[in-house]
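Below is one structure, written out as structure tokens, with a few remarks after it.
The values are calculated or read from the model by the stated rules, or taken from the named source; none is laboratory data. Not measured: the values here are computed from a predicted model. With ideal geometry, Cβ positions are generated from the backbone for all residues, glycine too; neighbour counts draw on all protein chains shown. The area values use the complete protein model at the heavy-atom level, side chains included, leaving out ligands, DNA and RNA. Shrake-Rupley method; radii C 1.70, N 1.55, O 1.52, S 1.80 Å.
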Amino acid sequence: GHQIFHDGIYNGDCHPGNILVLDDGLLGLIDYGQTRRLSHHDRLALARVVSSLGKRLPDAQEVADAMRKFGFRSRDDNVEIIAKNASLYFNSDIEGKRMGFATPQKYLQYLNSKDPMLHVPDPAVFVARTSFLFRGLGALLQQQIHTSSHWRKHAILAVAKNGKAHQLYNLGLTPISNDKQKILVSSQIFSFP
């Protein structure tokens, strides 16, 4: 999350063969051959998608709106299907499993049969791949990973650092002081003029 939203350059090949456990217990990433760069615009657009998805109770309309602003387009513009695609790409494939689909690919085929995606922004593809790799790691460890829950704090900070404080209210954060427009995010306070 930090690499994607703050650095804008991230290792997109974080499978188990490229992760080392160091002597001090920290993890080390190797093989940066699949490194990708996100533009400022793409980072903020993705941050809005992930921030919306990472809520305890995501709002399908908010998620779909963020996906559209990122550049996703579907044939019928079905809010529910766009939001489900967002969840599959950047959060979890648990809904597909609940519906009986053996693989994320089968679930994606189902979603596309309901409302096919006509345009998926190129920057979204590799971030989605990274999300799938993390979730695959979780599956190996018998853990259900919700990528957006782990990335959300980084996404919120990216939006906050862009000076769009008013948008943070839509992310479910509470203002500390209305008169000075201070907002608490992950134990940090950001002030905006």
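Worth a mention:
- Accessible surface for Phe70 stands near 10 Å², nearest 10, in the context of the full protein assembly shown (1.4 Å probe).
- In the stretch 1-70, the portion of solvent-accessible area held by carbon and sulfur atoms comes to 55 percent [1.4 Å probe, whole percent, DNA, RNA and ligands not counted].
- Per residue accessible area in Å² of the stretch 58-105, where ligands, DNA and RNA are left out and the probe is 1.4 Å: 48 Å²
- Extending 7 Å from the Cα toward the beta-carbon at both Leu57 and Ser149 defines two label points whose distance is 1.7 nm.
- Efficiency of FRET between Asp76 and Asp24 - r from beta-carbon atoms, R0 41 angstrom, step 0.05: 0.20
- Heavy-atom accessible area ranking, 1.4 Å probe, most first, across Glu62, Glu80: Glu80, Glu62
- Length released on extending from Gln142 to Asp122, taking residue separation times 0.36 nm less the Cα-Cα span: 4.1 nm
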